[in-house]
1. Using a Gaussian network for the chain with springs between C-alpha atoms less than 10 Å apart, which of these wobbles most: ALA150, ALA59, ALA106?
2. Kindly provide log₁₀ I(q)/I(0) values, in the same order as q = 0.22, 0.23 Å⁻¹, from the Debye equation applied to equal alpha-carbon scatterers of the stretch 134-176.
3. Residue separation times 0.36 nm, minus the C-alpha to C-alpha distance between ALA142 and LYS118: what's the value?
4. Report relative contact order for the chain in percent, whole number only (criteria: Cα-Cα under 8 Å, sequence separation at least 6).
5. Please go through the residue pairs LYS27/LYS90; LYS117/LYS143; LYS66/LYS90 and name each one whose alpha carbons sit more than 20 Å apart in this structure.
6. What number results when the radius of gyration of the stretch 2-172, computed over Cα atoms, is divided by 2.2 N^0.38 Å?
7. Exposure proxy check: PHE4, PHE49 ranked by fewest other beta carbons within 10 Å?
8. How high is the FRET efficiency from ALA59 to ILE167, r the C-beta distance, R0 35 Å, rounded to 0.05?
Amino acid sequence: MSLFLFEFVPARTDRDGVAALLAEIDKAAANAAGELIESQVTGGHEIVFAVVEAETAAALGTEFGKVPSAARVTGPDEVRLVGADLAQLKAARPAAGYLVEWDLPAELDMDTYLARKKEKAPRYADVPEVSFLRTYVREDMAKCLCFYDAADEDIVRRGRAAVDTPIDRLHALEQR
């Protein structure tokens, strides 16, 4: 089984519209014989990020192309989970407070990325107010999504600075 990332722009950005979209995402995953691992909604409800486990992208693309509450669907993009155990993630479904998107440099390959992450991760201890939770790295190395728990954006920025890693987009996530 592989993990796939979808990004949705909801047709309606109110709570009810996003709730309908989340229900449709869960149903589409089940219809594709997949499992919704997690969904995260930005604070303003403008983007919904969803990670689905499935055998192949083909069945997901068919099902997720039929999600009526989405104005736009991007994906499926195969991702790799880094910094967390999938079984534990499934069991706990931990919420995150912030999501950082990093558009990876074209010259960066997966092995170099993983070595860099392993080398720099201990530096998070320099900013104990931020907890790094997990990362999803697109297998095509276009970008990664990093999830954090912190009191505010400034603390997330300090955490990223400690590991010398840029932020292309920073989203506060809705707490559900």
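Rule-based calculations on the coordinates, nothing more; no lab input. Just so you know, these numbers come straight off a predicted model, no measurement behind them. Ideal geometry is used to build each Cβ from the backbone, glycine not excepted, and the neighbour counts take in all protein chains shown.
1. Of ALA150, ALA59, ALA106, the Gaussian network model singles out ALA106 as fluctuating most.
2. Reported log10 I(q)/I(0), two decimals: -0.83, -0.90.
3. Working: separation 24, 0.36 × 24 = 8.64 nm, distance 1.95 nm.
That pair, ALA142 and LYS118, stretches by 6.7 nm at full extension.
4. Working: 342 pairs, mean separation 44.6, N = 176.
Relative CO of the chain lands at 25 percent.
5. Numbers: LYS27/LYS90 17 Å; LYS117/LYS143 14 Å; LYS66/LYS90 25 Å.
Correct reply: LYS66/LYS90.
6. Details: Rg = 15.9 Å, N = 171, 2.2 N^0.38 = 15.5 Å.
Relative to the rule-of-thumb radius for its length, the stretch 2-172 sits at 1.02.
7. Values: PHE4 26, PHE49 22.
Ordered by Cβ neighbours within 10 Å, fewest first: PHE49, PHE4.
8. On the way: r = 34 Å, r/R0 = 0.96.
Efficiency at R0 = 35 Å is approximately 0.55.
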